[in-house]
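The values are calculated or read from the model by the stated rules, or taken from the named source; none is laboratory data. For clarity, every value in this text was computed on a predicted model and none was experimentally measured. No Cβ is skipped: glycine too gets one built from the backbone with ideal geometry, and neighbour counts run over all protein chains shown.
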């Protein structure tokens, strides 16, 4: 239009929908860009690339209406504009500076964390913790008997042997519980608060570890949760005993306090506790028989009680 032939009768606006590339915009054209509505104040042709965006001619636009633009889940290699909203993990984020997101999920939104503000916090339940997994802030997982919430975005360890513990600083315990795994097993990955049966007792893991040959070999990683008793018959010098094992020795009964082998009960009070004193009738005395504490024998018309292990006395 030429000023000689036309007179402005009234100002108006023309809705142009979403801002687009390589487009001629005139004064009072109105576009949507991100969560904002802009009105053109100077005629121009828009930028040729998404990377340049409306910002390439920012001075040619006036903010008309401020709002938000919901973009659903955060994605890689995406151009985000001010006031775009995305879901990432359990939280909703608001874009505060236009940018293009990183090219891999391994970097995640955290690669441009300074360009986002938390708009709303929530949790995402992901079930059991897994290896080689990208975890985001507020992701929640089960690991052993405990529930953890992620406090720093990261990719989990590559092996079960490393476990969640490899990135322990990135997690916070949300709920502490226990998980019963049955009888203790060798070469098994145990986590804090795993519970097993070993000997007569129920044990709880106090440190994450991979078991070796027996709980006795890794006892520093366990604590007795529930003490118990398990009858193991007559004491035998070649048997591996565990805490809570209950044996007879002569006429007496003992309970094991430790993991031990060939620890004679009457002579090793730190390993065994006398549980019951009783009698074990052995018939007529024989000078070549090995008698134990609590054995009872007959000699002539008399009955004798052994008060110590003896042979030939």
Quiz item: Within the range 107-129, which residues are closer than 16 Å to residue 150 by Cα, surrounded by 13 or more Cβ atoms within 10 Å (Cβ to Cβ) and either over 20 Å from the mean Cα position of the chain (by Cα) or in contact (Cβ under 8 Å) with a residue 24 or more places away in the chain (or both)?
Solution: 107, 108, 109, 110, 123, 124, 129
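Quick check, is residue 35 more than 30 Å from residue 189 (Cβ to Cβ), in contact (Cβ under 8 Å) with a residue 40 or more places away in the chain and surrounded by 16 or more Cβ atoms within 10 Å (Cβ to Cβ)?
Yes; evaluated as a whole, the condition is true for this residue.
Regarding residue 245, is this residue farther than 30 Å from residue 162 by Cβ and modelled with pLDDT under 90? Please lay out each step first, then the result.
Numbers: farther than 30 Å from residue 162 by Cβ: yes; modelled with pLDDT under 90: no.
Taking the combined requirement at face value, the residue does not satisfy it.
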Quiz prompt | 1 or more residues within 14 Å of residue 35 (Cβ to Cβ): qualifying strands (runs of 3 or more DSSP E) within the range 52-142 | solution = 61-66, 69-73, 84-88, 91-95, 116-120
Practice problem: Output the residue which, of all residues in the range 154-164 that are in contact with a strand residue (DSSP E or B) (Cβ under 9 Å, 6 or more places away or on another chain) and at pLDDT 90 or above, is nearest to residue 109 (Cα to Cα). | Solution: 154
Self-check item: Among residues of the range 1-28, those that are within 20 Å of residue 49 (Cβ to Cβ) and either assigned to a strand (DSSP E or B) or at pLDDT below 75 (or both), counted
Solution: 5
Practice problem: Name the strands (runs of 3 or more DSSP E) wholly inside the range 256-302 in which the number of residues that are closer than 20 Å to residue 230 by Cβ, within 56 Å of the chain's Cα centre (by Cα) and outside the structural domain of residue 201 (by TED's automatic domain parsing) is 3 or more. | Solution: 272-276
Quiz item: Quick one: would you say residue 60 is surrounded by 14 or more Cβ atoms within 10 Å (Cβ to Cβ), at pLDDT 90 or above and assigned by TED's automatic domain parsing to the domain that holds residue 119?
Solution: no
Quiz item: Got a sec? Which of 260, 268, 280 is touching a strand residue (DSSP E or B) at 6+ places or on another chain (Cβ under 8 Å) and free of Cβ contacts under 8 Å to residues at least 12 places away in the same chain?
Solution: 268
Quiz item: Within the range 279-307, how many residues are modelled with pLDDT under 90, under 30 Å from residue 243 (Cβ atoms) and exposed (fewer than 12 other Cβ atoms within 10 Å of the Cβ)?
Solution: 1
Exercise. Give the residues of the range 224-239 that are modelled with pLDDT under 90, part of a loop (DSSP other than H, G, I, E, B) and surrounded by fewer than 14 Cβ atoms within 10 Å (Cβ to Cβ), sorted by residue number.
Key: 227
Quiz prompt | Given (1) more than 29 Å from residue 218 (Cα to Cα); (2) surrounded by fewer than 18 Cβ atoms within 10 Å (Cβ to Cβ), index of the condition residue 173 fails | solution = (1)
Quiz prompt | Failed criterion for residue 51 (all others in (1) at pLDDT below 90; (2) outside the structural domain of residue 134 (by TED's automatic domain parsing); (3) surrounded by 16 or more Cβ atoms within 10 Å (Cβ to Cβ) hold) | solution = (3)
Exercise. Could you grab me the full set of residues in the range 203-223 that are surrounded by fewer than 15 Cβ atoms within 10 Å (Cβ to Cβ) and in a strand (DSSP E or B)?
Key: 210, 223
